[in-house]
Amino acid sequence: MKKYFHMFLMLMLITLLTSSCATVFKNYGYTKILPRTGGKVTIQDLIDKWHDYNILYAGYDVRLPLGVLFNPKNGDTSLVGDLWKPVPDKKTLIEVTQWIYPYTQFEPRLYEIFGPNGRFYGYLYYSYGPAVFKKIGENKMYVLNLELPNDHDGGEEMR
């Protein structure tokens with residue numbers, strides 16, 4: 001009988017932990033990596049159709065970028081963040097995307113962004129670290145700033 005009681009307690013603990021984690025993460029979005037070639041969308045496609053997106057970049061400057069967000073203008077969703085800066089034109093977009101690798105020393109990849117319910121929000125082009133998306137409204141997700149690679153200390157040589 002004691003054996004069954006312990007099994008019951010373990011099952012209850014697992015259930016409690018699972019439901020707690022589900023509650024905590026139910027407001028967070030996620031990304032899905034797109035193939036480098038042969039995919040339905042490439043970074044070049046997004047650059048060519050830049051006028052169809054509200055575009056933001058993370059980083060100190062256009063030449064010190066960490067990543068680029070593409071939020072479709074024709075959708076009813078939005079991506080926002082305190083430290084993300086608008087990309088005003090195609091020339092700037094090209095410059096930002098070309099500087100991600102030299103700045104981070106990691107090859108950037110293109111990701112689709114989805115909300116907690118699987119709803120499409122846009123694209124993220126970046127190279128390093130976690131990307132966190134928290135739902136803050138019915139159709140809005142807050143995007144935390146991207147982090148620098150570990151070997152960058154933000155010293156004067158980086159600025």
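None of the figures in this text is laboratory data; all of them are computed from the coordinates on show. If you're wondering where the values come from, they're calculated on a predicted model, not measured in any experiment. Cβ placement follows ideal geometry from the backbone for every residue including glycine, while neighbour counts extend to all protein chains displayed.
Would you please give the residues with an amide H less than 5 Å from that of ARG109, counting only those at least 5 places away or on a separate chain, with H modeled from the backbone geometry?
Answer set, sorted by chain and number: TYR126, SER127.
Going down the table (LYS73/LYS134; LYS90/LYS135; LYS26/LYS49), which pairs top 26 Å between alpha carbons? List each step's numbers first, then the result.
Details: LYS73/LYS134 20 Å; LYS90/LYS135 29 Å; LYS26/LYS49 32 Å.
As for pairs spanning more than 26 Å Cα to Cα, those are LYS90/LYS135; LYS26/LYS49.
Can you give the net charge of the other residues whose Cβ lies under 12 Å from the Cβ of GLU112, counting K and R as +1 and D and E as -1?
Details: positive: LYS32, LYS40, ARG109, ARG119; negative: none.
Residues near GLU112 contribute +4 overall.
Quick check: net charge around TYR30, other residues with Cβ under 13 Å of its Cβ, Lys/Arg +1 and Asp/Glu -1? Could the numbers behind the result be given before it?
On the way: positive: LYS26, LYS32, ARG119, LYS134, LYS135; negative: GLU112.
So the surrounding residues net to +4.
Explain nothing, just compute: Karplus ³J(HN,Hα) = 6.51 cos²θ - 1.76 cosθ + 1.60, θ = phi - 60°, for every residue of the stretch 37-48 in order, whole Hz, x for Gly and Pro.
Couplings: 9, x, x, 6, 9, 10, 4, 5, 4, 5, 5, 4 Hz.
D for the stretch 44-121, whole µm²/s, Stokes-Einstein with Kirkwood Rh over alpha-carbon pairs at 25 °C and 0.890 mPa s: what number? Don't skip to the answer; put the middle values down first.
Details: Rh = 13.1 Å.
Answer, rounded: 188 µm²/s.
Along the stretch 118-135, what does the Karplus equation 6.51 cos²θ - 1.76 cosθ + 1.60 (θ = phi - 60°) give for ³J(HN,Hα), rounded to whole Hz, x for Gly and Pro?
For the stretch 118-135, the Karplus-derived couplings read x, 6, 6, 10, x, 10, 10, 10, 7, 10, 8, x, x, 10, 10, 10, 10, 5 Hz, x marking Gly and Pro.
Send over the per residue convex hull volume for the stretch 69-159, Cα only, as a whole number of Å³. Could the numbers behind the result be given before it?
On the way: hull volume 10.3 nm³, N = 91.
Considering the Cα atoms of the stretch 69-159, their hull volume per residue is 113 Å³.
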